[in-house]
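For reference, the structure is listed below as C-alpha cells.
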C-alpha cells in the first residue's frame, strides 16, 4: 500500500467516491477488524443521523436577495418601489402617512370615508361582545338590479321594497320564517288567535273559539259491543263509532271514559310437526303423527356429538388422570423416610408420585426445607434412582426472620393476637377488659382534644400549661415562662440564614430553592425563576461614557468607556489599544488606512518606521530547499521549480537516491538482495525476488436465493472452516456466529429471508 500523502489531491469529491475504513466483526467469538470501503454518501448520511451536519443550504426568495447560500454569502432586502417588493424607507413612510387624514368616530361604529382623505363613523355598528350588526338607517336597494340585496340574478329585495308586500316569490324559498312577532293591521294578536283573511282586505288576528263546535267523547255499553259517542256542543253534529267484539275478544265498558279489551283461549293450539335441528343428538320418529324423540348415544371423544352416560364420563376422567400427580404423603429429609434417595435402598416410584417434606434435610445432596414438594418425573424400580428422576419444588418457606419471609408463630398473650378456631388472626383492642396490651381503638368519630384512658375509653384530659419555652438557632425571645414573643433572628451569628448548613461550596442548579417575601408572606422559589426575572427586568447601572464608545464594567456595578468605538454610521469599529483574542477571530473584511479592503493575494504591511498599515503585495522571501535521499547528490529546489519523484530500476542497494544529472528529481529503486524480477516472481520483505509457493488460495463465489424456509445451502467448494468463507445477504455481511460449515454445506441458525434471485453470495477461499 502506498503512503497516503503520495496520492494526488481530489478537488471535486463525488458521493460515490470511496474511503477506506475498518469494520469490527465477531468471528467464532473473537473480535476482528475487517477493512471495508465506505462511500462519501454513506458517511454523510450517517453524520446526518447524528445531527452533525445541520443546515446544508439556505435559499432566499423575493424580496430577500442572496440566492442559495451553502457556506458563506450575504442576505439583503431592497427598498420597495412601484415594481419591486422590499422595505419601506422613512421617506416613503412619511409620504404614505401624510396621505391619511384625521380619524374620529364613535365606539363600535363601523367606519366610512367622510371625505376623500378622512374616516369617521357610519350608521352601521357592531356592539362589543354582540353577535349582530345594527343599522341606524333604512336599507334601500339600488335601482340597478345588479346591486339588489336578493338572490343573485333576481330583484326580489328590490321588488319587495317597491311594492311594500312580502310574498313567497320575494324570498329564497317558498316559506317565510318569522323569528319575532307578526303585526296585522297594527295588531300582534293574543294567545290562541289565528291569522284570518278578510277577503280582499288585509288579514287580521281573530279569536275563532266561539265560531266552531267543540266535541265530547264518551263510551256506552251496547250488548257485547261498546259505542264511542262523539257529542258536539251545538248538538247538530253528533256521531257514534261502534267497537265490535270478535272471536275470543271481549269488550267491557267500565266507565264513560274507560273500556277493557280482553282475549280468551289465547294459549290453546295443536302441535302439527316435531323436528330436530341436530340429528347427531336427537332423532325424531313419526314427526307429523305420533312423534317420538330418541337420544343418540356415543362415547367421550373430542369429535363425538352424541350423548354419554355418567359412567362414560367417570371412566374418561379416570383414564385422563392416569399418570398424573398422586399425593403419597410426607417425607422426612432428615431420616430419609420413606427411603427415596440413595441413603438406602430406594423404594420404587411411579411418574406423578408426590411427597411433601415434613422435616428439613437433604434429598440426593440437595437441601430441602419443610413444605418443599418432591414429584417423580421418571419411573424408577426398587434400589435405583437419582436426583434427575425427581422434580424438586422448593417453597423456600423456613423460619421467618427480620429480613426473610417464612413460617412464623403468633403470640396470644395479653399483648399478642387473637386466633380463632378457623384460623382468623386479629389484633386485640386496648379496652377495660384488656388493659395489658392491644392497639388503640378507633377515634375517627371523636372531636376535640380527647385522650385514651386506662380503662380503654377516650376522655377529655386535664390541661397542663407549658412551664417554659426555649428558642434555638435562628429564633429570638426565649426562654418564655409565661408570656412572650418569639421572632426570627436575622442579624446575630446564629441568625435564621447562618444557622442553616453551609452551602458556599455547593454548585447551584436551576432547581435549587431560595426564600423570598411576597406581601410580607414568606415563600420559596427556584433559581430558574430568579434567572427569568433578572433576564426580563430593567436593572440599574451607574456610570457615564462617550457617544459611540462601547461600554465596559469599570467596577462590579458601574460602566465606563472601553477602548472599542464605532462611527456614527455603525460601519467602522476602532480599537485604540491592542486587540488580542483567545479563541477564533472571524473578520469578514479589513479596511486599511487608505480605506481599501485589498485584493486577492495581498497582505497587510506597515509603512516605514511602523507607519500606517496598507494592503500590498507579499515580500518575496522563498529561495530554495534541498531534496535529499539515502544516497546520491542532494538537489536544490529553487523558487518556481518542481520536485519530481521518479520510479527507478532495481539496484543493489540504494533504495531512494538523488541523481546529479537529473535536476530536481528523486529516484526510488527497490533493494535487490537476490533473485530476478520477472512476470512469475514477487518481491519479498527481505528484498528478494522469489517464486510464489505452491497452493495459491483460490477465491470462489457461489450464489443462491433465500425463500424464508431453507437453512442449508451446498457450495461448489469445501472451505477449511468458517474463517475461510464470507457470506452476504442482499449485500449485507453476515456474522460467522449465525451459520456453521460442514464440508461444502453451510447451515444457518435461522433461515435467510426471501430474497431476489441470487440474493445470497458465498465467497470462499480454498
* In the stretch 471-491, the residues that are modelled with pLDDT under 75 and in contact with a strand residue (DSSP E or B) (Cβ under 8 Å, 6 or more places away or on another chain) -> 474, 477, 478, 489
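When you check residue 27 against the structure, is it modelled with pLDDT of 75 or more, in contact with a helix residue (DSSP H, G or I) (Cβ under 6 Å, 6 or more places away or on another chain) and not assigned by TED's automatic domain parsing to the domain that holds residue 725, yes or no? Give the derivation first.
On the way: modelled with pLDDT of 75 or more: yes; in contact with a helix residue (DSSP H, G or I) (Cβ under 6 Å, 6 or more places away or on another chain): yes; not assigned by TED's automatic domain parsing to the domain that holds residue 725: yes.
Yes; evaluated as a whole, the condition is true for this residue.
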* **Criterion violated by residue 270 - all others in (1) within 21 Å of residue 220 (Cα to Cα); (2) exposed (fewer than 11 other Cβ atoms within 10 Å of the Cβ); (3) out of contact with any strand residue (DSSP E or B) (no Cβ under 7 Å at 6 or more places or on another chain) satisfied** => (1)
* Name the single residue, out of those in the stretch 428-445 being under 56 Å from the mean Cα position of the chain (by Cα) and surrounded by fewer than 11 Cβ atoms within 10 Å (Cβ to Cβ), that is nearest to residue 409 (Cα to Cα). => 439
* To do: Could you identify the single residue in 584, 605, 574 that is modelled with pLDDT under 75 and either exposed (fewer than 10 other Cβ atoms within 10 Å of the Cβ) or in a strand (DSSP E or B) (or both)?
  => 584
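Output the number of residues of the stretch 293-311 satisfying the condition of being more than 57 Å from the chain's Cα centre (by Cα) and closer than 17 Å to residue 282 by Cβ.
Pass one, the stretch 293-311, residues more than 57 Å from the chain's Cα centre (by Cα): 293-299, 307-311.
Then drop every residue that is not closer than 17 Å to residue 282 by Cβ, which leaves 293-298, 307-309.
Selection size over the stretch 293-311: 9.
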* Asked: Does residue 247 qualify as being within 30 Å of residue 309 (Cβ to Cβ), free of Cβ contacts under 8 Å to residues at least 12 places away in the same chain and assigned to a loop (DSSP other than H, G, I, E, B)?
  -> no
* To do: Considering (1) over 18 Å from residue 698 (Cβ atoms); (2) outside any strand (DSSP E or B), say which one residue 717 fails and leave the rest.
  => (1)
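Taking the stated definitions as given, is residue 465 modelled with pLDDT under 80, in a loop (DSSP other than H, G, I, E, B) and surrounded by 13 or more Cβ atoms within 10 Å (Cβ to Cβ)?
Working: modelled with pLDDT under 80: yes; in a loop (DSSP other than H, G, I, E, B): yes; surrounded by 13 or more Cβ atoms within 10 Å (Cβ to Cβ): no.
So residue 465 does not fit the description; no.
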* Could you count how many residues in the stretch 403-452 are touching a strand residue (DSSP E or B) at 6+ places or on another chain (Cβ under 8 Å), in a loop (DSSP other than H, G, I, E, B) and either over 30 Å from residue 370 (Cα atoms) or assigned by TED's automatic domain parsing to the domain that holds residue 371 (or both)? -> 10
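The values are calculated or read from the model by the stated rules, or taken from the named source; none is laboratory data. Note that the structure is predicted; figures quoted are calculated from it, not measured. Ideal geometry is used to build each Cβ from the backbone, glycine not excepted, and the neighbour counts take in all protein chains shown.
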